[in-house]
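The values are calculated or read from the model by the stated rules, or taken from the named source; none is laboratory data. Keep in mind it's a predicted model, so treat the numbers as computed, not measured. Ideal geometry is used to build each Cβ from the backbone, glycine not excepted, and the neighbour counts take in all protein chains shown. Only protein heavy atoms, including side chains, enter the accessible area calculation; ligands, DNA and RNA are left aside. Shrake-Rupley method; radii C 1.70, N 1.55, O 1.52, S 1.80 Å.
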There are 2 protein chains.
Amino acid sequence: MNDDPRTHDALIRDLARAARKAVRQLAGSPLSQRNMALEATADRLRTQAGSVLEANEKDLAAGQARGLSPALLDRLRLDKDRLEAIAGSLETIVALPDPLHRIMDDWTRPNGLRIQRVAVPIGVIGVIYESRPNVTIDAAALCMKSGNAALLRGGSEAVHSNHALHRVLAQGLADAGLDPAAAQLLPTQDRAAVGALLRAHDSLDLVIPRGGKGLVKRVQDEARVPVLAHLDGNNHLYIHPSADVQMATAVVLNAKLRRPGICGALETLLIDRAWLDRAPVLLGALLDAGCELRGDATLRALDSRILEAREADWETEYLAPILAVRVVEDAEQALNHIARYGSGHTDGLIAEDTEAANAFLGRLDSAIAVHNASTQFADGGEFGFGAEIGIATGRLHARGPVGLEQLTTFQYRVLGSGQTRP
Amino acid sequence: MNDDPRTHDALIRDLARAARKAVRQLAGSPLSQRNMALEATADRLRTQAGSVLEANEKDLAAGQARGLSPALLDRLRLDKDRLEAIAGSLETIVALPDPLHRIMDDWTRPNGLRIQRVAVPIGVIGVIYESRPNVTIDAAALCMKSGNAALLRGGSEAVHSNHALHRVLAQGLADAGLDPAAAQLLPTQDRAAVGALLRAHDSLDLVIPRGGKGLVKRVQDEARVPVLAHLDGNNHLYIHPSADVQMATAVVLNAKLRRPGICGALETLLIDRAWLDRAPVLLGALLDAGCELRGDATLRALDSRILEAREADWETEYLAPILAVRVVEDAEQALNHIARYGSGHTDGLIAEDTEAANAFLGRLDSAIAVHNASTQFADGGEFGFGAEIGIATGRLHARGPVGLEQLTTFQYRVLGSGQTRP
């Protein structure tokens, strides 16, 4: 590939043009045809597992030669079980209802014009991801079921695996009589091609980055195409004076420790001064469960195992069994803390006082506002969406879990009987 | 103002920080308080008309000295009637229902978690506009009613008028006990400040350009912040073989000639070959009404007054009493023509055959798809939205008319009774 940036722009334009044609076919296709493509892909993943695993071996060998870390190599690795899990996720998506053609609104104007808002695909979606090759199938399948075409750009360390998985996907589409251009893998690993993808606002409708913060930050900084993503999940719970101590303890332990590495994990706990007498139970339970606590002077006076919190701790998404803890004077100070340090992902409170809780939720500027429940429910599956492509903290189109419905947009249909505008 | 781009970035960040605080107040405010601010602004527009018109005189004098065209000077001009119209538009917005706090969805999960989707403000919205000073009030009022803060950047030729109108707005907000930072005018006319606004994706949630294509194109090309806008309205109607000749004639005349300069005006007419025998009535009516027609050879053979269409005609949004006309072999060719030359704004068909019409609408990739009605209905008022800030042809968040509801987003509320995730 030539270094001239226009070459990459032309490449993206050409891929997107073919993808757009595929969207027109998908948008008009019955659910059964889209599902057939997903089922055929699952079948082929099983029958062609050998060639996929062979390609994956090449990536693993190259990765070992390049000295990739064991964690990265594990992310890269496919085996029979992981392929079966990917096939299973395709079947999960098959079982979900059709996100297209839903009539979302329907009203009639005084002049007799009937106006409907009907769900249609977003269009051409760029998906940029890192070393996990399963994203090639998972992301394309969600796009395809919702009538969108995907331009896929995976990590260079997974290039052979991604090509093998993409071949299966293209065959699955063809098996169902659908245009394989509905799922295209970028034919180059040149980083400049990502730049071209991010500025292609004339030909792409959306970009979804799936990966670490470095990737998400680059996409958000550079993209002229709309982005659905979240950079951080620096999530907070506030313990209101009315909080039940047992509930608070159970919810906070779950929110922090169930899986500390997911984006819905709790990162900072704000305890109302009026609740301090009950705090030792909660803090002790966290410490006993192996959670490191970093707190202010008041809290450290309660338990000597609590380390000192610094300014950076309020800003940090640990993604680890570490929790920042702070005393606040009231709900107002808790809201100010969250407004200053939060990332708009998932925040909330524990409170028996429902009125106070509702007032608090209404003033949170977060995609997901939680009352008396674990922040780890910030997940498409837990919301009942069946499958998700990620979590969005932007404010437009979709916030929170991005599932099939969030991968659709709408068209107004104006149905008349010859009306003209006076 | 210093030329250092970081200075502008810091300025936008500071304005946006104050605006964000105002949003928190607005988001939690009752409808009556937001309406009170709009009413107070309308009252002050009437009582302080003198100072606004005086400021406007300065802009007009400066514009005349700089040799602005009579059309531009007219756009810039305010007088008693125009101020009264602005005050009236405020009162129209007061009468509209509250777009905030609507519960858009509400469901309960098997574990008892209740999940609601609740309408909340988008946040901080940049509005970039040109010479019409009324936009200062109109745009800020729509943002404010929907709980958003507006960062306003008007045309340099209207700088005195905009400052005078902004003072009225700030006083109106203060009269209602609301933070005047909910509507801020950029304190500099430096073009580089617009660049800073467009890249401020960390502090702004949305940018809305209101003006000509040059402005919209610059905003779409440069913005790292999400944009709601439309660049072109190259709109099409297809005359299906089943179209009624009288309806087709009435609708097409209205769609082209009622107001040829609006973005919903018809620009290209596609006539099915099977309808050619009825075409002379429609074409003759257009020509007799003073519409210039530019057509292909088949149509020119029907009426010698039809000029020759060139490739550029299919691409042109005339915004004038000129219409491109073309014969197509069937609906498929019409759809291909629209996919190639259309701008995704408003397209549709005239047809008595409802089944064929529905199939056609389902394959149109347009924000607004019209059957048997004038394309000039592409308007927030005609949709029943009461007021609009513009029309969007992007595919995310809002498509078509952008009214109060479209200026809101949502927050998920997860309401539990102590649930933890297994």
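Considering only residues of segment B:44-58 that are surrounded by fewer than 16 Cβ atoms within 10 Å (Cβ to Cβ) and not hydroxyl-bearing (Ser, Thr, Tyr), which is farthest from B:LEU90 (Cα to Cα)? Ranking the qualifying residues of segment B:44-58, first place goes to B:LYS58. Within segment A:79-101, can you find the residues that are over 22 Å from the mean Cα position of the chain (by Cα) and surrounded by 15 or more Cβ atoms within 10 Å (Cβ to Cβ)? Scanning segment A:79-101 gives a single hit, A:HIS101.
Screening B:ALA61 against (1) among the small types (Gly, Ala, Ser); (2) in contact with a strand residue (DSSP E or B) (Cβ under 6 Å, 6 or more places away or on another chain); (3) open to solvent by 10 Å² or more (accessible area, probe 1.4 Å) leaves a single unmet condition, (2).
Filtering B:THR47, B:THR41 for residues that are over 25 Å from A:ASN358 (Cβ atoms), more than 25 Å from the chain's Cα centre (by Cα) and of a type in the set (S, T, N, Q) leaves a single hit, B:THR47. Report yes if B:ALA18 is open to solvent by less than 50 Å² (accessible area, probe 1.4 Å), within 27 Å of the chain's Cα centre (by Cα), within 14 Å of chain A (Cβ to nearest Cβ) and modelled with pLDDT under 95, otherwise no. No. Taking the criterion of being part of a helix (DSSP H, G or I) and open to solvent by 10 Å² or more (accessible area, probe 1.4 Å), the residues of segment A:285-312 that qualify are A:ALA285, A:LEU287, A:ASP288, A:ALA297, A:THR298, A:ARG300, A:ALA301, A:LEU302, A:GLU311, A:ALA312. Can you spot a residue in segment B:408-416 that is under 13 Å from the mean Cα position of the chain (by Cα) and open to solvent by 10 Å² or more (accessible area, probe 1.4 Å)? Within segment B:408-416, not a single residue is under 13 Å from the mean Cα position of the chain (by Cα) and open to solvent by 10 Å² or more (accessible area, probe 1.4 Å). Only a single criterion out of (1) without any contact (Cβ under 8 Å) to a residue 60 or more places away in the chain; (2) farther than 22 Å from B:THR249 by Cα is not satisfied by B:ALA369, namely (2).
Just one residue in the set A:GLY295, A:GLY390, A:GLY348, A:GLY342 is more than 21 Å from the chain's Cα centre (by Cα) and not assigned by TED's automatic domain parsing to the domain that holds A:VAL207; that residue is A:GLY295. Being under 20 Å from B:LEU364 (Cα atoms), open to solvent by less than 40 Å² (accessible area, probe 1.4 Å), in contact (Cβ under 8 Å) with a residue 40 or more places away in the chain and in a loop (DSSP other than H, G, I, E, B) is a description that applies to B:ALA243. Taking the criterion of being within 10 Å of chain A (Cβ to nearest Cβ), small (Gly, Ala, Ser) and either on the phi < 0 side of the Ramachandran plot or in contact with a helix residue (DSSP H, G or I) (Cβ under 7 Å, 6 or more places away or on another chain) (or both), the only residue of segment B:98-124 that qualifies is B:GLY123.
Applying a threshold of 8 Å to beta carbon distances and a minimum spacing of six or more residues, or different chains, the list of pairs starting in segment B:342-362 at a residue that is closer than 22 Å to B:PRO401 by Cβ and ending at one that is of a type in the set (Asp, Glu) and assigned to a loop (DSSP other than H, G, I, E, B) reads B:GLY342/B:ASP365; B:SER343/B:ASP232; B:SER343/B:GLU317; B:GLY344/B:ASP365; B:HIS345/B:ASP232. Restricting A:LEU15, A:LEU68, A:LEU72 to residues that are in contact (Cβ under 8 Å) with a residue 40 or more places away in the chain, more than 25 Å from A:GLY386 (Cα to Cα) and in a loop (DSSP other than H, G, I, E, B) narrows the list to A:LEU68.
Within segment A:353-384, the residues that satisfy the criterion of being more than 10 Å from every other protein chain (Cβ to nearest Cβ) and open to solvent by 40 Å² or more (accessible area, probe 1.4 Å) are A:ASP353, A:GLU355. Residue pairs whose Cβ atoms lie under 8 Å apart, separated by 6 or more positions or on different chains, with the first residue in segment A:187-210 and among the hydroxyl-bearing types (Ser, Thr, Tyr) and the second surrounded by 17 or more Cβ atoms within 10 Å (Cβ to Cβ), are A:THR188/A:HIS8; A:THR188/A:LEU11; A:SER203/A:ILE12; A:SER203/A:ALA16; A:SER203/A:ARG20; A:SER203/A:VAL124.
Checking each residue in segment A:397-422 for being at pLDDT below 90 and within 7 Å of chain B (Cβ to nearest Cβ) picks out only A:HIS397. B:GLY261 falls short of the stated requirement of being more than 9 Å from every other protein chain (Cβ to nearest Cβ), in a helix (DSSP H, G or I) and within 23 Å of the chain's Cα centre (by Cα).
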